[in-house]
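Taking it in order: structure first as structure tokens, then the write-up.
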Amino acid sequence: MRRSFLLLAALPALLLAAACSSREPAVAPAATDTAAPAAASSPAPASPSAPPVTRTPPARGQASGPAGHDADLAFAHVAALAREPRVAGTPAELRAVEYLEAQLASFGYDVERMPFTFEDDPFRVGEVRVRGAALEALTMSGSPGGTVEAPAVFVGLADDAGIAGRNLTGRIAVAERGGLTFAAKYQNVAAAGAIGLVVVNNQPGPFSGNLTLSARFPVVSVAQEAGAALLEAARAGEPVTLTAPPASGGTRAYNVIARPPGTAACAVIVGGHFDTVPGAPGANDNASGTANVLELARAFAVGGPRPGLCFALFGAEESGLHGSRALVERLRAENALPRYMVNLDVTGIGQRIEVIGDTSAAARAIDLARAAGLDAVPSRLPPNSGSDHMSFADAGVEVVFFTSGDFSTIHSPRDVVEAIDRAILDAIGDAAYLLVADLLREVG
């Protein structure tokens, strides 16, 4: 679920950093002590224009299990996806893509990984790997892209007392937030020979910063919760790997598309986004809707995938509906837009099925659900919100959007799998199954 203005309230540290003063209080929610990344010791990540890496697609299997939406199977997908945030353009996004590809291929579909590029990425998320774990990192404004791998060293606040006259040559400095501006922290560790800097938050949650200068090596921040293990590793001098995305150019992200073998056109597309905002595990927004899509794909493939029924899982929804727009643009250019698009987003917490759409198909979805004893009502999106059905509606496609209507945990660290209600997750899956089956009978 994309909330263009409410995101400001949910992630103030990400969006206000550049507007704050150049010196931060010890526990300020945002600051401009950002540093610019410097030349990395290994090449920067591939640019969006780089040729795709040759890979082996997952083997196609055959769907099994009940010929209907199954709550336990859907919940298992939520649990698998919500282990980490899945921000567009990050290694975590690719891990999610690989999971989705493997699942859809195992149901018997032809699966396509569709790359696309978008500009003005609001997040610039990188990664710090320590002790085999991947920690989400936000790249500071002024930091270059690149990857450095080296022993870590704890430097306190990165002031004179923290560095204590040590030679940091060839080391990645790990500092605590507070006391100094980010620029001062960067300059101090750079002068001591460091080749990377990670600043750990001094309060819960992630934050982003502005260095107000151009750094020579990558500078990132991590949330307090994730940073605890990093601080421990740095005190022990253990190796870490720091990756920051390029400072300029577009961000490459991915859609995952599943089609029945031999299907030339998609009459019905069932979809939802799988990406998240930084700092949010994204169980409800939107591992829940993604799980519904996967489970519907399996259910409709029992006995063989249905001709004309396709499934799409979108990247970069949270950055501006970029994935669904990229797919719509391609389908329109190919004169291959579907007749119907069914969207599932935020489907795991709530009391009833909410159906959004000023279409006859949306009215039909409510009637079908109620006839099956499901509590379904017409609804509308909250102000300043959006989701991927809008990209299709703008192209003239008839859309239906299923949601559970409770947005209280989205875009926050509280969006965890433990909060998901299997009953509403399954009810929405059942309602969507009834509608899709009806649409398939209509389109033949």
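The values are calculated or read from the model by the stated rules, or taken from the named source; none is laboratory data. Keep in mind the model is a prediction, meaning the values are calculated, not measured. Because the Cβ atoms are built from the backbone with ideal geometry, glycine has one as well, and the counts that use them run over all protein chains shown.
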TODO: Evaluate region 238-248: report whether one residue or more is at pLDDT 95 or above, closer than 30 Å to Ala102 by Cα and more than 20 Å from the chain's Cα centre (by Cα).
DONE: yes
TODO: Determine whether Ala74 is part of a helix (DSSP H, G or I), in contact (Cβ under 8 Å) with a residue 12 or more places away in the chain and more than 22 Å from Leu331 (Cβ to Cβ).
DONE: yes
Task: Number of positions in region 333-378 that are aliphatic (A, V, I, L, M) and within 25 Å of the chain's Cα centre (by Cα) - done: 8
Open item on the list: For region 267-278, check the following and say yes or no: at least one residue is surrounded by fewer than 24 Cβ atoms within 10 Å (Cβ to Cβ) and either in contact with a Gly (Cβ under 6 Å, 6 or more places away or on another chain) or of a type in the set (Lys, Arg) (or both).
Closed with: yes
- [ ] May I ask you to list the residues in region 381-397 that are crowded, with 18+ Cβ neighbours inside 10 Å and among the charged types (D, E, K, R)?
- [x] Asp388
Open item on the list: Being buried (at least 23 other Cβ atoms within 10 Å of the Cβ) and in a helix (DSSP H, G or I) narrows it down to one residue among Asn255, Asn286; which is it?
Closed with: Asn286
Open item on the list: Any residue at all in region 398-417 that's assigned by TED's automatic domain parsing to the domain that holds Ser324, assigned to a helix (DSSP H, G or I) and over 17 Å from Phe311 (Cα atoms)?
Closed with: yes
Task: Residue match in region 290-304 (condition: surrounded by 24 or more Cβ atoms within 10 Å (Cβ to Cβ) and in contact with a Ser or Thr (Cβ under 6 Å, 6 or more places away or on another chain)) - done: yes
Open item on the list: Among the listed residues Gly237, Gly209, identify the single one that is in contact with a Pro (Cβ under 6 Å, 6 or more places away or on another chain), under 28 Å from Arg131 (Cβ atoms) and not β-branched (Val, Ile, Thr).
Closed with: Gly237
- [ ] Report whether or not Leu197 is over 28 Å from the mean Cα position of the chain (by Cα), surrounded by 19 or more Cβ atoms within 10 Å (Cβ to Cβ), aliphatic (A, V, I, L, M) and at pLDDT 95 or above.
- [x] no
TODO: Test Gly249 against the criterion of being among the small types (Gly, Ala, Ser) and touching a His at 6+ places or on another chain (Cβ under 9 Å), and give yes or no.
DONE: no
TODO: For residues that are at pLDDT below 95, within 19 Å of Asp159 (Cβ to Cβ) and assigned to a loop (DSSP other than H, G, I, E, B), tally how many sit in region 208-219.
DONE: 3
Open item on the list: Please verify whether Gly156 is at pLDDT 95 or above and touching a helix residue (DSSP H, G or I) at 6+ places or on another chain (Cβ under 7 Å), treating the condition exactly as stated.
Closed with: yes
Task: Leading residue by the ranking (modelled with the lowest pLDDT) among those in region 341-378 that are over 22 Å from Gly320 (Cα atoms) and among the hydroxyl-bearing types (Ser, Thr, Tyr) - done: Thr359
TODO: For Ala287, indicate whether it is over 21 Å from Phe207 (Cα atoms) and touching a His at 6+ places or on another chain (Cβ under 9 Å).
DONE: yes
Task: Ala362 vs. criteria part of a loop (DSSP other than H, G, I, E, B), touching a residue at least 12 places away in the same chain (Cβ under 8 Å) and either buried (at least 17 other Cβ atoms within 10 Å of the Cβ) or in contact with a helix residue (DSSP H, G or I) (Cβ under 9 Å, 6 or more places away or on another chain) (or both) - done: no
TODO: For Ala74, indicate whether it is within 22 Å of the chain's Cα centre (by Cα) and either exposed (fewer than 15 other Cβ atoms within 10 Å of the Cβ) or at pLDDT 95 or above (or both).
DONE: yes
Open item on the list: Of the conditions (1) over 16 Å from the mean Cα position of the chain (by Cα); (2) under 16 Å from Val220 (Cβ atoms), Val111 satisfies every one except a single condition; which number is it?
Closed with: (2)
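The rows are residues; the columns are (1) within 23 Å of the chain's Cα centre (by Cα); (2) among the β-branched types (Val, Ile, Thr).
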residue: Asp120; (1), (2): yes, no
residue: Glu127; (1), (2): yes, no
residue: Val130; (1), (2): yes, yes
residue: Gly145; (1), (2): yes, no
residue: Val153; (1), (2): no, yes
